[in-house]
């Protein structure tokens, strides 16, 4: 763990669909808001846009550990079986707004011809702005990290099987659509 890393959390779940039917970027960048909300009670809203350079972005709003977060995920790797998104996320705390850097990595690997293992990895890092805010409040970073980790890990653990189920539904809809065509 790097000096400013807050959490590195990874969980897996099974997707009952063939790997060739899974397209994580398409799922992510077309995910209906109600579907996103159904993947965690902490999920508030989701939307999609592009960065100034045209790169796809997923905008997610959620509450983790009592703090509202607005994540501006920019696609840094977009393969059907592997998506990496990076965000300098806004975190609204009782003492004000700060940013946190989050890397969200989603991947699948085939188990057999009909099933895949989905991995949902989230890494978060304190920005210099966040470190300065903690310092102004007299909060040692180690104390903040120790308190934040359980909430972030629990959130990831809870959403992983629900994301897997959503990706599975998306893959099976795509499979049904291709059969009907």
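The values are calculated or read from the model by the stated rules, or taken from the named source; none is laboratory data. Note that this is a predicted model, so its numbers are computed, not measured. Positions of Cβ are backbone-derived with ideal geometry, glycine not excepted, and every protein chain shown enters the neighbour counts.
Residue 90 satisfies every condition listed in (1) surrounded by 15 or more Cβ atoms within 10 Å (Cβ to Cβ); (2) touching a residue at least 60 places away in the same chain (Cβ under 8 Å) except (2).
Take the conditions (1) surrounded by 15 or more Cβ atoms within 10 Å (Cβ to Cβ); (2) within 20 Å of residue 108 (Cβ to Cβ); (3) touching a residue at least 40 places away in the same chain (Cβ under 8 Å); residue 79 misses just one of them, which is (1).
So is residue 39 in contact with a strand residue (DSSP E or B) (Cβ under 8 Å, 6 or more places away or on another chain), surrounded by 17 or more Cβ atoms within 10 Å (Cβ to Cβ), within 25 Å of residue 152 (Cβ to Cβ) and in contact (Cβ under 8 Å) with a residue 24 or more places away in the chain or not? The answer is no for residue 39. Filter region 1-18 down to residues that are surrounded by fewer than 18 Cβ atoms within 10 Å (Cβ to Cβ) and assigned to a strand (DSSP E or B), then give me how many there are. The qualifying residues number 5.
For residue 127, are the conditions met, namely being in contact (Cβ under 8 Å) with a residue 24 or more places away in the chain and over 29 Å from residue 55 (Cα atoms)? No, not satisfied. Being in a helix (DSSP H, G or I) and more than 21 Å from residue 109 (Cβ to Cβ) is the filter here; which residues of region 19-55 pass it? If the condition is that a residue be in a helix (DSSP H, G or I) and more than 21 Å from residue 109 (Cβ to Cβ), then 33, 34, 35, 36, 37 are the ones that fit.
Which ones in region 130-145 are surrounded by 13 or more Cβ atoms within 10 Å (Cβ to Cβ) and free of Cβ contacts under 8 Å to residues at least 60 places away in the same chain? Within region 130-145, 130, 133, 134, 139 meet the criteria. Restrict the check to region 118-129 and report whether at least one residue is loosely packed, with under 15 Cβ neighbours inside 10 Å and either modelled with pLDDT under 95 or out of contact with any helix residue (DSSP H, G or I) (no Cβ under 6 Å at 6 or more places or on another chain) (or both). Looking through region 118-129, at least one residue is loosely packed, with under 15 Cβ neighbours inside 10 Å and either modelled with pLDDT under 95 or out of contact with any helix residue (DSSP H, G or I) (no Cβ under 6 Å at 6 or more places or on another chain) (or both).
Of the numbered criteria (1) part of a helix (DSSP H, G or I); (2) out of contact with any helix residue (DSSP H, G or I) (no Cβ under 8 Å at 6 or more places or on another chain); (3) modelled with pLDDT of 95 or more, the one residue 166 fails is (2). Sub-6 Å Cβ pairs linking a first residue in region 100-119 that is closer than 16 Å to residue 161 by Cα to a second residue that is at pLDDT below 95 and surrounded by fewer than 17 Cβ atoms within 10 Å (Cβ to Cβ), at least 6 apart or interchain, number zero.
Condition first: more than 12 Å from the chain's Cα centre (by Cα), more than 23 Å from residue 94 (Cβ to Cβ) and buried (at least 16 other Cβ atoms within 10 Å of the Cβ). Now tell me which residues in region 42-56 satisfy that. Result: 56, single match. Does residue 84 qualify as being under 17 Å from residue 8 (Cβ atoms), touching a helix residue (DSSP H, G or I) at 6+ places or on another chain (Cβ under 7 Å) and either in contact (Cβ under 8 Å) with a residue 40 or more places away in the chain or part of a strand (DSSP E or B) (or both)? No, not satisfied. Evaluating residue 124 against the criteria (1) more than 19 Å from residue 79 (Cα to Cα); (2) within 16 Å of the chain's Cα centre (by Cα); (3) not in a strand (DSSP E or B) leaves one unmet condition, (3).
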